[in-house]
Amino acid sequence: MGLLTFKGGIHPNDGKSLAKDQAIAEVLPKGDLVYPLSQHIGAPASPVVQKGDHVLKGQKIAEAGGFVSAPVYASVSGTVKGLEKHFNPTGSKVDCIVIENDGEYAEVEYPEVKPLNELTKEEVIKMIGDAGIVGMGGAGFPTRVKLSPKEPDKIEYIIANCAECEPYITADYRRMLENTEELVSGMRVILSLFENAKGIFGVEDNKKDCIEKLKEAVKDEPRMEVNVLQTKYPQGAERQLIYAVTKRAINSAMLPADAGCIVDNVETLVSIHRAVVEGKPLMERVVTVSGNAVAKPGNFKALLGTNQQELVEAAGGFKTEPKKVISGGPMMGFAMMTLDTPVTKTSSSILGFTEDEVEKAKPGPCINCGRCVEICPSRIIPSRLADYAERHDEETFTAQNGLECVECGSCSYVCPAKRPLKQSIGSMRKIALANRKKK
């Protein structure tokens, strides 16, 4: 039987060798902690603390601002300095709670937790929601909402996205190796909500040590299995992962639940374990710091709110001034204009590069080679969609399935004319989606 995969995709240099063998190292913050109120899809959280308040680690500092929202917790003890505007990793200035770290890390008393088999489904979902857990692979969708589909009995697959297909990022890889039991425990928690579901860990075949360790960990779990995926980008994209594992296709008008699936990232599953089994809210995550401009690439357990400059310093700083710094992966991440920005729930990596490949590229006219069509995982025609986008022809763009683009950037990567296909399509797609919501 061949490896599970999808149609299309590319094989960029993965760059993972820089950090993959570096065990997770803990970094304690030196300066103030900054907590954006919007670290998730949906309504921003609402502050429940004021300037001058003393807070403890694990204390709620902002509550969910609506059904699709998530609370925020202090990851240190200290004094609230106020509500201020700060840059987030994507370059927007947003409302943030700032806490002066007292360096003591005095922690709240967490409530006693009952064994999983004594908890009701409602209690489990409430614990996950109250812990502030969101999709930590980058999407940021509140996990409580994802785990509350309209027809839970029709959920057949809980898929752990263990692909980590973005180049350079190795945070999930280290989590799989070092926190295997917590990862499996997180899957066990979700399976307790869906009696008809099977838990699947989808791992690319370039992570053989993770595959072996996970198979050993689930050998006595009748409802769990490990599926080996072909190493290919974007294998970890939600639609592509679902198709690879189940051969079920979904489109932009559907949710994974419509295909009987729920997909969660490695870091999210570990956080679910911490919330339900240990009773602790989301306060930390693992971040990869890598790239050829970084002195000592590695993987760091960082408290949420930590200044990203401090993580770069923990990695030895930059050995040469980087031409480009990226938050997230090089294919779907965001170029950063400053490192004076906090680690958030969706901060997977900081990448520093000595060259800016995009800046050096000189776009030319399309030569109709068809490469973008051949590799597109959404089976659309990127070259044409980019033309419609550049002409602001939203009607034709939508009619030609422009909304089906997953913005993976594969088309831009292979284009010999160096056209910014993904950027053009992504901009028009956002406009079209916004206009769809208005109707």
Original post:
Considering region 97-121 alone, what residues qualify as being among the aliphatic types (A, V, I, L, M) and not in a strand (DSSP E or B)?
Top reply: A106, V108, V113, L116, L119
Subject >> Any chance D153 is over 30 Å from V80 (Cα atoms) and in contact with a helix residue (DSSP H, G or I) (Cβ under 8 Å, 6 or more places away or on another chain) >> reply: no
**OP:** Scan region 209-231 for residues that are out of contact with any Leu (no Cβ under 7 Å at 6 or more places or on another chain) and either under 14 Å from I159 (Cβ atoms) or open to solvent by less than 60 Å² (accessible area, probe 1.4 Å) (or both) and report the count.
**Re:** 8
Original post:
β-branched (V, I, T), buried (at least 19 other Cβ atoms within 10 Å of the Cβ) and in a strand (DSSP E or B), is that true of I190?
Top reply: no
Original post:
Going through region 393-430 one residue at a time, which ones are aliphatic (A, V, I, L, M) and either at pLDDT below 95 or farther than 21 Å from P363 by Cβ (or both)?
Top reply: A399, L403, V406
**OP:** Under 8 Å between Cβ atoms, at least 6 apart or on separate chains: pull out the pairs that start in region 51-69 with a residue that is open to solvent by less than 40 Å² (accessible area, probe 1.4 Å) and end on any residue that is of a type in the set (S, T, Y) and in a loop (DSSP other than H, G, I, E, B).
**Re:** V55/S77; K57/S75; K57/S77; K57/Y105; G58/Y110
Subject >> Total residues in region 30-50, condition in a strand (DSSP E or B), open to solvent by less than 40 Å² (accessible area, probe 1.4 Å) and over 17 Å from A106 (Cβ atoms) >> reply: 3
Original post:
If N206 satisfies every condition in (1) part of a helix (DSSP H, G or I); (2) open to solvent by 20 Å² or more (accessible area, probe 1.4 Å); (3) closer than 25 Å to K301 by Cα; (4) not small (G, A, S) but one, which is the exception?
Top reply: (1)
Subject >> Those residues of region 1-26 which are open to solvent by less than 40 Å² (accessible area, probe 1.4 Å) and either assigned to a loop (DSSP other than H, G, I, E, B) or not aliphatic (A, V, I, L, M) (or both), in sequence order >> reply: T5, F6, G8, G9, P12, G15, K16, A19
Original post:
Between residues in region 94-119 that are open to solvent by 80 Å² or more (accessible area, probe 1.4 Å) and residues that are of a type in the set (S, T, Y), which pairs lie under 6 Å by C-beta distance while being six or more apart or on different chains?
Top reply: E100/T79; E104/S77
Original post:
Failed condition for V94, given (1) in a strand (DSSP E or B); (2) more than 30 Å from L351 (Cβ to Cβ), with all others met?
Top reply: (2)
**OP:** Report, by residue number, each residue of region 15-60 that is modelled with pLDDT of 95 or more and among the charged types (D, E, K, R).
**Re:** K16, K20, D21, E26, D32, K51, D53, K57, K60
Original post:
Within region 122-158, restricting attention to residues that are in contact with a Pro (Cβ under 8 Å, 6 or more places away or on another chain) and not in a loop (DSSP other than H, G, I, E, B), which residue is most open to solvent (accessible area, probe 1.4 Å)?
Top reply: D130
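Residue-by-condition table, conditions (1) over 30 Å from S271 (Cβ atoms); (2) open to solvent by 50 Å² or more (accessible area, probe 1.4 Å):
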site: I380; (1), (2): yes, no
site: S424; (1), (2): yes, no
site: S427; (1), (2): yes, yes
site: K430; (1), (2): no, yes
**OP:** Say whether the condition of being open to solvent by less than 50 Å² (accessible area, probe 1.4 Å) and either at pLDDT below 95 or among the basic types (K, R) (or both) is met by at least one residue in region 241-248.
**Re:** no
Original post:
So which residues in region 304-331 are of a type in the set (A, V, I, L, M) and open to solvent by 10 Å² or more (accessible area, probe 1.4 Å), if there are any at all?
Top reply: A314, V325, I326, M331
**OP:** Residue by residue through region 360-392, note down the ones that are of a type in the set (S, T, N, Q) and either part of a helix (DSSP H, G or I) or under 18 Å from K232 (Cβ atoms) (or both).
**Re:** S378, S383
Original post:
Looking at F334, F353, F300, which is the one that is among the aromatic types (F, W, Y) and surrounded by fewer than 19 Cβ atoms within 10 Å (Cβ to Cβ)?
Top reply: F334
**OP:** Quick one: in region 223-252, of everything that is of a type in the set (A, V, I, L, M, F, W, C) and in a loop (DSSP other than H, G, I, E, B), which residue is farthest from the chain's Cα centre (by Cα)?
**Re:** A249
Original post:
Among the residues of region 81-91, is there at least one that is part of a helix (DSSP H, G or I) and either touching a residue at least 24 places away in the same chain (Cβ under 8 Å) or closer than 30 Å to A335 by Cα (or both)?
Top reply: no
Original post:
Among the residues of region 253-276, is there at least one that is at pLDDT 95 or above, open to solvent by 20 Å² or more (accessible area, probe 1.4 Å) and part of a loop (DSSP other than H, G, I, E, B)?
Top reply: no
Original post:
For P142, are the conditions met, namely being under 26 Å from L304 (Cα atoms) and at pLDDT below 95?
Top reply: no
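The values are calculated or read from the model by the stated rules, or taken from the named source; none is laboratory data. Everything numeric in this text was worked out from a predicted model, so none of it was measured. Reconstructed Cβ throughout: ideal geometry from the backbone, glycine too, with neighbour counts over all protein chains shown. For accessibility, only protein heavy atoms count, side chains too; no ligands or nucleic acids. Shrake-Rupley method; radii C 1.70, N 1.55, O 1.52, S 1.80 Å.
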